[in-house]
Structures are given as structure tokens and as C-alpha cells.
Protein chains: 2
Amino acid sequence: MVPFKRENAKKRLSGMMSRAEREEFITIMLNDVVNTLLQSEADRVMVLSRTPAGTEHMPQEVEVMLSDKDLNGSINEDLLPTVGEPLIIVMADMPLLKAQNINDVLRMDGDIVLCPGRKGGTNLMYLREPKKFRTAYHGLSFMEHLRRAQEMGMKTEIYDSFYVSADIDEEEDLVELLLHGKGSGSREYLERRGFRLRTENGYVGVERV
Amino acid sequence: MVPFKRENAKKRLSGMMSRAEREEFITIMLNDVVNTLLQSEADRVMVLSRTPAGTEHMPQEVEVMLSDKDLNGSINEDLLPTVGEPLIIVMADMPLLKAQNINDVLRMDGDIVLCPGRKGGTNLMYLREPKKFRTAYHGLSFMEHLRRAQEMGMKTEIYDSFYVSADIDEEEDLVELLLHGKGSGSREYLERRGFRLRTENGYVGVERV
């Protein structure tokens with residue numbers, strides 16, 4: 001399952017992208033993630049979205065659930081109570097995700113599997129029994145999810161992946177997408193829009209030409 | 001094998017650490033990496049250092065090779081031509097490295113295994129036949145190493161790990177060490193020196209108190 005919010009998304013990219021571009025970019029990243037999930041061994045793929053906007057052109061097999069609550073509200077109140085089978089929650093802004101990552105996680109035997117994002121985020125969460133858990137996204141969510149799982153006595157595993165950790169929030173994160181995102185729609189989008197790597201004194205950044 | 005340069009190391013941390021502190025910090029990170037290697041299934045552990053400084057208190061089983069050339073020079077001219085068995089090169093500034101990462105890589109069957117660091121770096125490299133390869137560290141080394149390996153027709157694998165990708169170069173990288181480095185000497189060092197996580201508007205940074 002991929003939670004999705006298009007409206008005014010990726011504000012920290014405002015210095016390099018207009019609002020319309022940011023909304024287009026997050027939609028393309030969502031498509032990359034959804035396509036990866038469809039290639040994986042996951043049985044079903046669902047997008048949990050604030051609004052229909054951005055989900056109209058999903059492949060037909062993708063289920064779209066609408067909820068206008070915030071991220072934790074929509075997951076905890078509208079989704080988790082209804083899910084009777086194991087669930088993977090992945091963020092829409094990790095276009096480097098590989099089908100292998102999903103397959104690896106599906107083979108782990110924890111009650112919960114957590115995968116760290118940069119700066120304390122939780123980029124991927126596997127819940128064997130979704131009804132029993134409540135998420136706490138935002139801020140240092142990785143530590144909070146770990147704490148909740150341990151408090152509940154759940155068998156907890158951490159999945160170690162660079163590709164999953166690399167969510168795209170800040171300008172410098174675009175470096176990773178340009179470097180490692182070959183073949184993804186979101187990297188093509190960046191190239192089309194004039195984003196390029198810039199190396200200065202051995203340090204790598206991004207510029208727009 | 002861990003290449004090590006202590007003198008005026010980690011310049012990009014100059015805003016938060018004195019030169020003496022940076023030299024102490026890189027030495028403690030080296031010790032974390034060496035201890036992890038000793039816990040892994042690697043047969044031998046070697047440090048390739050510019051000077052003896054910082055390597056005096058290594059565990060006895062660690063071999064120290066001195067070379068005053070630069071990073072690629074010391075590896076390509078002094079080390080690789082002498083190595084007749086498979087070799088893993090890991091950087092000294094990745095204190096989140098786990099013994100499991102090393103064991104995973106030892107079980108892969110590529111002629112070369114590369115593990116990306118943030119921003120195009122190569123944080124771990126496995127060479128089945130070290131004599132045949134020459135490194136090109138600095139800048140976008142990951143792409144250059146990939147290119148060389150493919151040009152030489154080597155069977156190339158990529159090892160996907162957040163812990164290996166998280167080298168400590170910039171102030172914001174300290175966030176990862178504070179968050180995920182529990183039990184490491186380098187995290188203890190940061191805590192002792194007053195480094196703390198700071199959360200503002202849901203964004204996480206580091207401050208020194």
C-alpha cells in the first residue's frame with residue numbers, strides 16, 4: 001500500500017520546482033513505486049490517496065482508496081482496521097525501490113519489519129497483522145515505530161536497504177535519483193526538465209539548466 | 001582493508017568540530033569499522049594508513065600497512081599488486097557497518113561487488129582478484145567503478161545497504177550516527193561531546209550543546 005498526497009507536495013523542493021511541477025513529480029514517483037510493486041510478489045497493490053487527482057491513470061489492477069484524513073489518520077482509522085492480511089506500507093517518494101526489496105521483506109518472518117529512511121523516517125513497514133498496530137509517521141517515526149513494536153512484544157526486524165532509504169525530500173536527494181534511477185519515470189522527468197548533476201571540488205550537487 | 005587518513009580529516013565537519021576533534025573522531029570511527037570487520041567472517045583485517053598516528057592502539061590481529069601516497073595511489077600502487085586473495089575495501093567513516101554486511105558480501109559471487117555511498121561514492125568494494133583492478137575513488141566513483149568493471153567484462157554485483165551507504169561526511173550525516181549507531185564508539189563520542197538531535201517543524205538536524 002502506498003499513501004499519496006499530491007496537493008502542494010514536496011515543499012522542500014520549492015527552490016527548484018514550481019508547485020505544478022512538484023505535483024507532477026510526486027505523481028510520477030508514485031507511478032514508479034506502483035510499477036515496482038506490480039512487478040514484485042505482492043498479491044495486491046493499493047494507493048491510499050487524499051483525492052482522486054493523480055490516481056486516474058494508474059494501471060487497472062491498482063486499487064485506489066480515498067481518505068481525506070492526514071497520513072496517520074487515513075492509515076490508522078480508515079485502512080488498518082479493514083485489513084485482514086499482511087500489509088506493506090511504502091512511501092510514494094522512493095523511486096529507487098526495487099521489486100527485490102519487496103520480495104526480500106515478504107520472506108522475512110518478523111511480526112513487523114521496518115526499513116529506515118534518511119533522518120529518522122520509516123520508508124517501508126511490513127505488518128503481519130495490520131489490525132494490531134497504529135502508525136506514527138512524521139519526524140523520528142522510525143524510533144517511535146520501533147518503540148511501539150517492542151512495547152507490544154512484536155518480533156521486530158529491520159530491513160537494511162539503500163534503495164529504500166533514499167526518499168526524495170530535499171534538493172540534494174535528487175542526486176541519488178539522477179545517479180541510481182536509470183529507467184525510472186521520475187529520473188526521466190528530471191532530465192526532461194533540465195536537472196543535471198554538478199560536480200564542484202569533488203562534491204556532487206544538482207543544478208537546473 | 002580500510003584506508004585511513006587522519007591528518008585534518010573530515011573537513012566538512014569543521015563548522016561543528018575542531019581539527020583535533022575531527023582527527024579523534026575519524027580514529028574512533030576507524031576503530032568501529034575495524035571491530036566490525038573482526039566480528040565478521042573476513043580472514044584478515046588490514047588498515048592502510050598514511051602515518052602510524054591513529055593506528056597505534058588497534059587490536060593486535062589488525063595488520064597496518066603504511067603508504068604516504070594518496071588514496072588511489074596507495075591502493076593501486078602499494079596494495080593491490082601484492083594481494084593474491086579476494087579483498088574487501090571499506091571506508092573508515094561508515095560506523096553503521098554491520099558484520100552481517102561483510103558476511104553477505106563474502107557470499108556473493110560477482111568478480112566485483114560495489115556498494116553505493118551517498119552522492120556517488122563507493123563505500124564498499126569486493127574484488128575477487130585484486131591484482132586485476134584499479135580503483136578511482138573521489139567524486140562519482142561508484143559510476144566510474146561500475147564502468148571500469150563492465151569494460152573489463154567482470155561479473156558485477158551491487159550490494160544494497162543503508163548501513164553501508166551512510167558514510168559520515170557532512171553535519172547532517174551525524175543524524176544517522178546518532179539515530180542508528182547505538183553501541184558504537186563514535187556515537188558515544190558524539191554524545192560525550194555534546195552533540196544532540198534537534199527536531200524543528202518535523203525536520204531533524206544536529207546541534208551541539
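The values are calculated or read from the model by the stated rules, or taken from the named source; none is laboratory data. Every value quoted in this text rests on a predicted model; they were computed, and no experiment measured them. Note: ideal-geometry Cβ built from the backbone for every residue, glycine included; neighbour counts use all protein chains shown.
Observations on the structure shown:
- Residue that is nearest to the other protein chains (Cβ to nearest Cβ), among those in the stretch B:191-209 that are in contact (Cβ under 8 Å) with a residue 60 or more places away in the chain and not in a loop (DSSP other than H, G, I, E, B): B:206
- Residue that is of a type in the set (S, T, N, Q) and within 13 Å of the chain's Cα centre (by Cα), where the choices are B:35, B:8, B:72, B:76: B:35
- Inspection of the stretch A:116-126 finds no residue satisfying the criterion of being within 13 Å of chain B (Cβ to nearest Cβ) and farther than 17 Å from residue B:179 by Cβ.
- Residue B:91 within 21 Å of residue B:10 (Cβ to Cβ), of a type in the set (A, V, I, L, M, F, W, C) and within 14 Å of the chain's Cα centre (by Cα): yes
- Residue satisfying all of: in the stretch A:134-157; facing chain B (nearest Cβ under 9 Å) and at pLDDT 95 or above; nearest to residue A:106 (Cα to Cα) among these: A:142
- Residue within the stretch B:99-115 that is closer than 24 Å to residue B:7 by Cβ and crowded, with 20+ Cβ neighbours inside 10 Å present: no
- Pairing residues of the stretch A:33-56 that are more than 19 Å from residue A:83 (Cα to Cα) with residues that are assigned to a helix (DSSP H, G or I) and not charged (D, E, K, R), at Cβ distances under 6 Å and at least 6 apart in sequence or on separate chains, gives A:36/A:99; A:39/A:99; A:40/A:99; A:40/A:102; A:40/A:103; A:54/A:27.
- Failed criterion for residue A:1 (all others in (1) more than 22 Å from residue A:176 (Cβ to Cβ); (2) under 16 Å from the mean Cα position of the chain (by Cα); (3) without any contact (Cβ under 8 Å) to a residue 24 or more places away in the chain hold): (3)
- Strands (runs of 3 or more DSSP E) within the stretch A:59-137 that include 3 or more residues more than 14 Å from residue A:40 (Cβ to Cβ) and in contact (Cβ under 8 Å) with a residue 40 or more places away in the chain: A:112-116
- Matching residues, the stretch B:169-185, being in a loop (DSSP other than H, G, I, E, B) and more than 13 Å from residue B:16 (Cα to Cα): B:181, B:182, B:183, B:184
- Scanning the stretch B:159-168 for residues that are β-branched (Val, Ile, Thr) and at the interface with another protein chain (Cβ under 9 Å from one of its Cβ atoms) yields a count of 1.
- Here the condition is being out of contact with any strand residue (DSSP E or B) (no Cβ under 8 Å at 6 or more places or on another chain), away from chain B (no Cβ under 14 Å) and among the hydroxyl-bearing types (Ser, Thr, Tyr); of A:82, A:55, it holds for A:82 alone.
- The stretch B:146-174, residues that are in contact with a Leu (Cβ under 7 Å, 6 or more places away or on another chain) and surrounded by 22 or more Cβ atoms within 10 Å (Cβ to Cβ): B:163, B:164, B:166, B:168, B:174
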